[in-house]
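First up is the structure itself, then whatever we jot down about it.
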């Protein structure tokens, strides 16, 4: 597996985190490095991750780095969705503990709306 470089122009440092924007919620989500580069995401090195700034009025959600390199758990997508909901609504909303089983695509599960 080849390591990826920082997406910032002129930076060739090794990427350590992935940045994703939720434009509708005016939220930037910075989390552990994704399994692969995806359109609409940006890989950042440790320096650029720690100095991330967003437009005024936007929120930044910083997800903790994984302690082990065991890969994503089945709760990763639900945790990200919950974090965006909390940032957007300003209050915690409950998600089902056991998601409805749906079709799997890659490492993310497609969950039917209940």
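Looking across the range 26-58, not a single residue is assigned to a helix (DSSP H, G or I), under 14 Å from the mean Cα position of the chain (by Cα) and in contact (Cβ under 8 Å) with a residue 40 or more places away in the chain. Among the residues examined, residue 40 qualifies as closer than 27 Å to residue 13 by Cβ and modelled with pLDDT under 90.
The residues on offer are 28, 65, and the sole one that is at pLDDT 75 or above, closer than 22 Å to residue 7 by Cα and touching a strand residue (DSSP E or B) at 6+ places or on another chain (Cβ under 7 Å) is 28.
The values are calculated or read from the model by the stated rules, or taken from the named source; none is laboratory data. Quantities reported herein were computed from a predicted structural model and do not represent experimental measurements. Note that each Cβ is placed from the backbone with ideal geometry, even for glycine, and that neighbours are counted across all protein chains shown.
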